[in-house]
Amino acid sequence: MTKSELYAEIEGILDVKSGSIRGDERLADTGRWDSLSAVMFMAMASEKLGQEISPGDLAKCSTVADLEALFGNKVQ
Amino acid sequence: MNTVITGIHYCLPEGHITNVDLAHRFGEKAINSISRMSGIQDRRVAPEGVTAADLAACAAERLLTAKGIRREEIDLVIFASQTPDYQIPATACVLHERLGLGQDCACFDINLGCSSFPYTLATAHGYLMSGIAHTALLLNGDTISHVIHPGDKSLATLHGDAATATLMETTDESGAGFVGFRLGTDGSGWRHIVMPSSGARSPRRLETMKETVDASGNTNSPQHLQMNGAAVFHFSLYKVPEVIRGALLACKLTIDDIDLVLLHQANRTMDDMIYKSLKVPAEKQFYFLEHVGNAAGASSPMLLAEAWRQGRLRPGSLVLIAAFGNGLSWGVTIIRWPKILSGPVDAPTDYLPQIDKKA
């Protein structure tokens, strides 16, 4: 998956305008990151990237870039 | 000898909470997102004063009458619920009076939620196979909406109320009945679905009514049900398929052998992903939550009842039921559907509050 594809997925989860995510956003500041977003992100990771994301992994993420870093070289 | 389910019926309360209702409370955008994820459009909810026991009694009355079962024949009643009428005595005993059962009847409650159906089936199976009982009445249900804070978007959008009544008896039909059970627990996850002030550990006081709002905007209090959605989703997505695979292996079966795979109706996306993980083809999947919501412990037996009613179960069908929920706990059972049953259960009963209550 490319970075822009991942960001498009995150934009869909956060329900924000397409192309608006830069990567440096703090999740708490988006006003859209909540328990449902977390579940949708975990579902997307499993479906689209075959990657298990645990609640512990997510708890360590405070920015969009942190979410991206969870996937390592699966996102380029 | 084995045991079989000889009848199931379920009862739904008359109230509805639709997505339109919830949109007024939480906003249309939020509800649209949740509804896409959950697959739920409507939930049946019981009004104040109507309990899971009322719904269960209603389902049981209809079932016993339809099946022509004499009240004295029932010698085991299990009421599985987390919204009992009383902490003391067991609600099964209260229902014993309401249903006019004979005194040679063991009655007790099981305190489990969404995972309860396989546990009640396994317990009754043991009693019947050992000869301790001969005709079991299993009552699974919750008025879970009564313990969910109306400001908790994460739970109010998911759950509905219902109760089921299931009859079990022994059979000598070759091949029919329960092929296996697999029950399990991960107690390290008990905090993920909890009602903190609901028992002896933290009795209800004025302080436990205090409401807080979490980072996701959900309002709650220690006296209401609380859920760590991400942790529960992770458990469902990864542990449940593993448990199902283990149950199949223990019974020397594969998904190819199973005719119908029934999953606790937690939410549509989660169940879709579990089916996908197990490579369950579409013709072996079945859903029943769009208009009733996640009905907690009643969900799995209601799903089985509907599958039967809609002709998805035939004599000789091999059906797998997997239920999972708070504890965290899970149960899987595999059943060979018998040939001898008289037919599927008829249409569900809507509970009407005018029905006379004896308790």
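Key figures for this structure:
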{"read-out": "Positions within region A:47-76 being closer than 17 Å to residue B:234 by Cα and assigned to a helix (DSSP H, G or I), in sequence order", "value": "A:47, A:48, A:49, A:55, A:56, A:57, A:58, A:59, A:67"}
{"read-out": "Residue that is nearest to residue B:270 (Cα to Cα), among those in region B:219-234 that are more than 7 Å from chain A (Cβ to nearest Cβ) and of a type in the set (A, V, I, L, M)", "value": "B:232"}
{"read-out": "Selected residue [touching a Ser or Thr at 6+ places or on another chain (Cβ under 7 Å) and over 30 Å from residue B:313 (Cβ atoms)] from B:202, B:115", "value": "B:202"}
{"read-out": "Boolean, residue B:216 is touching a residue at least 24 places away in the same chain (Cβ under 8 Å), surrounded by 15 or more Cβ atoms within 10 Å (Cβ to Cβ) and either in contact with a Phe, Trp or Tyr (Cβ under 6 Å, 6 or more places away or on another chain) or more than 14 Å from chain A (Cβ to nearest Cβ) (or both)", "value": "no"}
{"read-out": "Condition check for residue A:45: closer than 26 Å to residue B:189 by Cα and either touching a Gly at 6+ places or on another chain (Cβ under 9 Å) or exposed (fewer than 12 other Cβ atoms within 10 Å of the Cβ) (or both)", "value": "no"}
{"read-out": "Criterion (among the hydroxyl-bearing types (Ser, Thr, Tyr), under 24 Å from the mean Cα position of the chain (by Cα), surrounded by 15 or more Cβ atoms within 10 Å (Cβ to Cβ) and more than 14 Å from every other protein chain (Cβ to nearest Cβ)) met by exactly one of B:208, B:171, B:166, B:157", "value": "B:166"}
{"read-out": "Filtered residues of region B:236-252 (kept if surrounded by 22 or more Cβ atoms within 10 Å (Cβ to Cβ) and within 14 Å of another protein chain (Cβ to nearest Cβ))", "value": "B:236, B:240"}
{"read-out": "Test: residue B:217 is on the phi > 0 side of the Ramachandran plot, of a type outside the set (D, E, K, R) and out of contact with any His (no Cβ under 7 Å at 6 or more places or on another chain)", "value": "yes"}
{"read-out": "Long-range neighbours under 9 Å by Cβ, at least six apart or interchain, first residue more than 14 Å from every other protein chain (Cβ to nearest Cβ) and over 21 Å from residue A:20 (Cβ atoms) within region A:49-76, second surrounded by fewer than 17 Cβ atoms within 10 Å (Cβ to Cβ) and among the basic types (Lys, Arg)", "value": "A:76/A:3"}
{"read-out": "Pairs, first farther than 26 Å from residue B:156 by Cβ in region B:281-295, second assigned to a loop (DSSP other than H, G, I, E, B) and among the β-branched types (Val, Ile, Thr), C-beta under 9 Å, six or more apart", "value": "B:284/B:258"}
{"read-out": "Residue in region B:274-286 that is within 14 Å of chain A (Cβ to nearest Cβ), over 18 Å from residue B:330 (Cα atoms) and assigned to a helix (DSSP H, G or I) present", "value": "yes"}
{"read-out": "Enumeration of residues in region A:30-46 that are within 7 Å of another protein chain (Cβ to nearest Cβ) and out of contact with any helix residue (DSSP H, G or I) (no Cβ under 7 Å at 6 or more places or on another chain)", "value": "A:34"}
{"read-out": "Residue A:4 vs. criteria without any contact (Cβ under 8 Å) to a residue 40 or more places away in the chain and either more than 22 Å from residue B:32 (Cβ to Cβ) or among the β-branched types (Val, Ile, Thr) (or both)", "value": "yes"}
{"read-out": "The listed residue being touching a strand residue (DSSP E or B) at 6+ places or on another chain (Cβ under 6 Å), over 28 Å from residue B:219 (Cα atoms) and without any contact (Cβ under 8 Å) to a residue 40 or more places away in the chain, out of B:60, B:90, B:56", "value": "B:90"}
{"read-out": "Test: residue B:126 is outside the structural domain of residue B:47 (by TED's automatic domain parsing), surrounded by fewer than 19 Cβ atoms within 10 Å (Cβ to Cβ) and outside any loop (DSSP other than H, G, I, E, B)", "value": "no"}
{"read-out": "Contacts under 6 angstrom Cβ, first residue in region B:16-42 being aromatic (Phe, Trp, Tyr), partner modelled with pLDDT of 90 or more, 6 or more apart", "value": "B:26/B:153"}
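For every residue, the table says whether it meets (1) among the aliphatic types (A, V, I, L, M); (2) modelled with pLDDT of 95 or more; (3) part of a loop (DSSP other than H, G, I, E, B); (4) within 21 Å of the chain's Cα centre (by Cα).
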| residue | (1), (2), (3), (4) |
| --- | --- |
| B:8 | yes, no, no, yes |
| B:33 | no, no, no, no |
| B:47 | no, no, yes, yes |
| B:55 | yes, yes, no, yes |
| B:63 | yes, no, no, yes |
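The values are calculated or read from the model by the stated rules, or taken from the named source; none is laboratory data. Note that the coordinates shown come from a computational prediction; the quantities given were computed from them, not determined experimentally. Don't worry about glycine lacking a Cβ; one is built from the backbone with ideal geometry, like all the others, and counts go over all protein chains shown.
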